[in-house]
Amino acid sequence: MRVLLNRIAAVLSIGVAAAAPLAAQNAASCDPTANTRGDIAKAQFSMTRAISTVDKGTSTRDVQEVLRLVDNGTDNPTARNYLRGEAYIIYLMQPNALPVVQRSALGMTNNPTGTIDVYVAADSAFSVVEKASPECIPAIMQWRQQKPWLNTLNAAITALNAGQLDSAETLAKRSLLLDRHAPYAYSVLGSVAQSRKNAAAANDYWKQTLAAAGTDTAYADVRIKTLYEIASSGSDRAEAATGAAKRAAAKESIKPWQDYIAVANNDLLLADAVDNVSRMYIAAGDSVSIPAVYAPLLANPSKFGELTLVHAGVVATRNGHPADAVKLFDAALAQNPYSRDAINNLAATYIQNNEFPKAFPLIDKLIALDPSNPDNPLLYAFAYQGLYKGTKDKKLQKIYTDSLIFFNARSENAPVKLAVTEFTRRPDQTMLGGTIENRGTAAKTYTVNVEFLDKTGTVVSTETTTVGPVGPKKTEKFKITSAKGGVYGYRYKPLT
């Protein structure tokens, strides 16, 4: 048996990365085919040959011989089933192998015209050995997690991503025949159920995903993804309900969001989680608890991403905690001095807090970055309105009134509006997209000239696109892509 196991270690190194090296089967405690004779010994020899050619795709003949020999008797069922299981897995690793075939295709002379599901057969054979010799479970797991399992699982994921729900479900369930311990297939089945609007089934599969993932760090990503899906599904149910049912569903969904937030490592999804859980607190009638959502961000802002900090700041603002909002927006700007959302929201919060001198430099910066968005001058108008209300000095009131009118008119009479709706930053690519609204009375073509900036404000790349002609009172979309990464912000030349 030791020679056979050494061959396995050498030849089946193509096994999935998640599986332990098959050399682990050398453990003396697991040797189902030791000291065998007759047909089993011959089958073992054929298995050695099958393993030696598995990477060439020419093992079918030896697999057929193994299965023919182990079907010749009923003695030593553990050894016979161990060899059967190996043979089925190696067959499934051959080019153009089918999951369901006639028994004769596998060399079986008993009921040759009958069909056999090779995945079911492999599972059945290995299950016999696992029950009779539990010490062999680790070695058999390495067989279960070979290419047939991995390829079937990947095919299930591909089908899911393509919206082929029936195929995804079939393939995921097939992969579970070989390995019920990995969480991935349960995750696929949860997503299939969710797509079919079957919330109960989805949650059941997601619970199985979490149980399979456990605390194994190798499964951390699928565990975090599943926690997000469970929480998101709870929010969907709450938002679809009304009255007392809505409050109950919202209250129930808060804990799943807290569980996700505790382990989240994706800034975009964590920002979404902050929004969601705050909405659930409000729907549950517990807005008093909302500061607890962003309390960890206030305590240790450097631990969180820019988007999460901005979204938390908006949550704080909307729920009447402007002082908290200022801290959160400030923390976001410390991470990214060119975050348009942080600049805009911090300026608005200072205006709300009547801290107008602090707002003006931020508005200046906002307009320097985003000069053709008429919403930006309105912040000046709001600030001057606040200053007007805060003084009884007639001269100052006149100055503030004139300034308010000037900036309000500048906003209302702007001939064009550029609104950014997408700013995607990747390590090797940056995308900026949005709309251009022609507020004039004649069609016009616009040139959008954008500079992408790093954290220090240095220009990383300059990109240009032409939009139009845009009809009067019409809007057209634009999109600019840069092959450069490491971008923190953008600025563009005013549209004319």
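Treating each Cα of segment 399-473 as an identical point scatterer and summing with the Debye formula, the log10 of I(q)/I(0) at q = 0.15, 0.19, 0.20 Å⁻¹ comes to -0.72, -0.91, -0.95. For segment 37-110, the calculated P(r) over all alpha carbon pairs, in 10 Å bins from 0 to the bin holding the longest distance, is 22, 56, 21, 1 percent.
Stick to the Cα atoms of segment 337-447, pair each with every other, and give me the Kirkwood hydrodynamic radius in Å at one decimal. It is 15.5 Å.
The residues of segment 202-307 have, on average, 50 Å² of accessible surface per residue, using a 1.4 Å probe with all protein chains present. Amide H to amide H, with H built 1.01 Å from N, GLY489 comes under 5 Å of LEU453, counting only residues 5 or more places away or on other chains. Between the beta carbons of ASP117 and ARG180, assuming R0 = 22 Å, the FRET efficiency works out to 0.85 to the nearest 0.05. For segment 293-406, the Cβ-based charge dipole about the Cα centre amounts to some 380 debye (Lys, Arg positive; Asp, Glu negative; other atoms uncharged). Annotation: extensible slack from SER167 through THR424 equals 89.3 nm (criterion: 0.36 nm per residue apart, minus Cα-Cα distance).
Distance between the modelled labels on SER289 and LYS255, one decimal in nanometres: 1.0 nm (7 Å Cα→Cβ projection). Per residue, the Cα convex hull of the chain amounts to 210 Å³. Could you tell me the calculated FRET efficiency between LYS477 and LEU268, based on Cβ-Cβ distance and R0 = 25 angstrom, to the nearest 0.05? The pair LYS477/LEU268 has a calculated efficiency of 0.70. Once you order the gyration tensor axes a ≥ b ≥ c over the Cα atoms, which shape class does segment 312-402 get: rounded for a/c under 1.5, otherwise prolate or oblate by comparing a/b with b/c? Taking the square roots of the gyration eigenvalues as a ≥ b ≥ c, segment 312-402 is oblate. Going out from 0 in 5 Å bins, what whole percent of all Cα-Cα distances in segment 77-171 drops into each bin? Here the calculated profile for segment 77-171 is 3, 13, 20, 21, 18, 14, 8, 3, 1. Per the Debye calculation on segment 154-243 with a single equal scatterer at every Cα and no solvent contribution, log₁₀ I(q)/I(0) for q = 0.22, 0.26 Å⁻¹ amounts to -1.06, -1.33. Which parts of segment 403-439 would a label at THR496 reach, counting a residue when its backbone N lies under 16 Å from a point 7 Å out along Cα-to-Cβ? From segment 403-439, the list is 415-416.
Full extension of the chain between ALA240 and THR445 yields a length gain of 69.4 nm, computed as 0.36 nm times the residue separation minus the alpha carbon distance. The stretch between ASN151 and ALA323 holds 56.6 nm of extra length on full extension. This uses 0.36 nm per residue minus the Cα-Cα distance.
Shown is the FRET efficiency for THR109 and ALA200, computed with R0 = 45 Å from the Cβ-Cβ distance and rounded to the nearest 0.05: 0.45.
Shown in residue order for segment 424-429 are the 3J(HN,Hα) couplings computed by the Karplus curve 6.51 cos²θ - 1.76 cosθ + 1.60 at θ = phi - 60°: 9, 10, 10, x, 10, 6 Hz (x for Gly and Pro).
Dividing the summed helix terms, -39500 (n - 2.57) for each DSSP H run of n ≥ 4, by the number of residues in the chain produces a 222 nm estimate of -19000 deg cm²/dmol to the nearest 500.
Over segment 173-319, the reciprocal of the mean inverse Cα-Cα separation, the Kirkwood hydrodynamic radius, stands at 16.0 Å. Scanning residues 5 or more positions from GLY440 or on other chains, those with amide H under 5 Å from its amide H are LYS473, with H placed 1.01 Å from N in the peptide plane.
The values are calculated or read from the model by the stated rules, or taken from the named source; none is laboratory data. The shown structure was predicted, so the numbers you read here are calculated from the model rather than taken from an experiment. No Cβ is skipped: glycine too gets one built from the backbone with ideal geometry, and neighbour counts run over all protein chains shown. Keep in mind that these areas ignore ligands, DNA and RNA; they rest on the heavy atoms of the full protein, side chains included. Shrake-Rupley method; radii C 1.70, N 1.55, O 1.52, S 1.80 Å.
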